[in-house]
Amino acid sequence: MSTWLLLLAMLVLIVIAAEVFTNALEHLGERLRISEGVTGSLFAAVATAMPESMVPLVAILAGTDDAHVNEEIGVGAILGAPLMLSTLALCLMAIAALHQRGLRGALSPERGGLRRDLHFFLVAFGFSLAAMFIPHEVPVVRAGLAIGLVVIYFLYVMMTLRVSADLVADGHATQAHNPLFLCRLGLPDTRMVLGAQLVAGFVLLVVGAKGFVHGIHGISEVVGLSALVLSLLIIPVATELPEKVNSILWIRRRKDTLAFGNITGAMVFQGSLLPALGITLTPWTPSPVVLSGVLVTYAAAVWLTVLAHRGQIQVWHLFVNGALYVAYVTTIVAF
C-alpha cells in the first residue's frame, strides 16, 4: 500500500511542478513576443514534456540500485511518450471537439507548422528506429545517430523561430491567460520572480521524477508486469497526459493551432532529444514490446501527416489514432 501511496504522492508533485513550470513559460513567451505557434510547438510542448522527460533521465542516471530496471524504465518512458501523444492524446482532443463540431467537423490548425512538426518527428523517430538495429560493436554509427537526433531538434527550433515574426504580425502573438503563481502570493511581476518560478518548477520536477521511478520499480514487482511495460503505459499517461489538458481546452476554444502544436511539438522533442539519450546510455534494442510500440507510433504519425497534406482533418480521423493505442495496449498486456 505504501508503494501505491508513494507513486500517487510523486504524481501529484509532478503535476503541481509542471503547472508551476508551464505557467512561468507562458509568461516568458509573452515577454519575448513570440507567436502562438512557437509557444505551442516549443514552449508549451517542452514545458508539458518536462515531467515525462525527467523520469527517464533520472531513471537512467540515478534510479534504483538495479541497473536493468533503470534501463527498462528509461527506455519505456522515452518511447512511451511519443506513442501516447500520437495516439491517445490526439484521440482525446478529438473527443473534446466532438460535441461542438460533430464527427465530420473540421479541425483547422495552421498547416505549415503542423506539417513541419510531423516531418521533423518522422525523420527523428526514423533515426531512433534505425539505431535499434545497429550492433553495439559499431559505436561510431550509434553515436552518429544520437548526434544526428540532437542536430535535428536544433534545426527544428531554428526553423520554428524563423517563422514566428510573421505569425505575430498576423495577430497570433502569445498571451498568458493567468498571472504568475508567485505574483498571486504578493510578489512583483519581474524577470527575477519569473526566473525563480522557472527554477522552482524544475527542481520540483526532478524530485517528483526520482520518487516516481522508485514507485514504478515497486509496483512492477507487486503486479507482475515488467518495468518496461509499466513504463511504456503508465508513465506517459500519468506524467504527461494531464498536461495535455491544455490541448483539450484550446480545441474547445477553437484555438486549433495551439492545441495541435502542444502535442506535435512535444512529439518532436520526445522523439529526438530523449532517444538520443537512450541510444547513448541504454542497450536500445528492438525487443517485441519496444519494436511494436515504435511501429504503432510511426503509423499514427504517418496517418496524421497524410491528413495534414490533404488539407482537411476531421474529428473522426483522430479516432483512428485512438484505435491504434487500444490495439497496442490490449496486445502487450495480453501477451
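Restricting segment 97-119 to residues that are over 14 Å from I263 (Cβ atoms) and of a type in the set (A, V, I, L, M, F, W, C) leaves a set whose member that is surrounded by the most Cβ atoms within 10 Å (Cβ to Cβ) is L98. Given the criteria of a type outside the set (D, E, K, R) and closer than 29 Å to N246 by Cβ, does G126 qualify? Here the answer is yes, as G126 does meet what is asked. With respect to being of a type in the set (S, T, N, Q) and at pLDDT 70 or above, T190 fits the description. Counting only residues that are at pLDDT 75 or above, surrounded by 15 or more Cβ atoms within 10 Å (Cβ to Cβ) and among the aliphatic types (A, V, I, L, M), segment 193-233 holds 11 of them.
Using the structure shown, decide if F269 is at pLDDT below 90, among the aromatic types (F, W, Y) and surrounded by fewer than 17 Cβ atoms within 10 Å (Cβ to Cβ). So that I can check it myself, show each step before the final result.
Details: at pLDDT below 90: yes; among the aromatic types (F, W, Y): yes; surrounded by fewer than 17 Cβ atoms within 10 Å (Cβ to Cβ): no.
No.
Which of the residues that make up segment 66-96 are of a type in the set (G, A, S) and buried (at least 23 other Cβ atoms within 10 Å of the Cβ)? Result: G74, G76, A77, G80, A81, S86, A89, A94.
Might you check whether a residue that is among the polar types (S, T, N, Q), part of a helix (DSSP H, G or I) and at pLDDT 90 or above occurs anywhere in segment 122-130?
Of segment 122-130, the ones among the polar types (S, T, N, Q) are 128.
If we keep only those that are part of a helix (DSSP H, G or I) too, we end up with 128.
Subset that is at pLDDT 90 or above: 128.
Yes: one or more hits.
Taking the criterion of being surrounded by 20 or more Cβ atoms within 10 Å (Cβ to Cβ) and assigned to a loop (DSSP other than H, G, I, E, B), the residues of segment 283-320 that qualify are W284, V315.
Any residue in segment 151-169 that is polar (S, T, N, Q), at pLDDT below 95, assigned to a loop (DSSP other than H, G, I, E, B) and over 18 Å from I78 (Cβ atoms)? No: zero hits. Count of segment 239-266 residues, restricted to those that are within 12 Å of the chain's Cα centre (by Cα) and modelled with pLDDT under 80, is 6. Counting residues in segment 133-140 that are in a helix (DSSP H, G or I), closer than 17 Å to L304 by Cα and of a type outside the set (D, E) gives zero. Inside segment 298-326, residues that are farther than 22 Å from A96 by Cβ, among the aliphatic types (A, V, I, L, M) and more than 18 Å from the chain's Cα centre (by Cα) make up a count of 1.
The values are calculated or read from the model by the stated rules, or taken from the named source; none is laboratory data. Predicted, not measured: the structure shown is a model, and the values here were computed from it. Glycine gets a Cβ as well: all are built from the backbone with ideal geometry, and neighbour counts include every protein chain shown.
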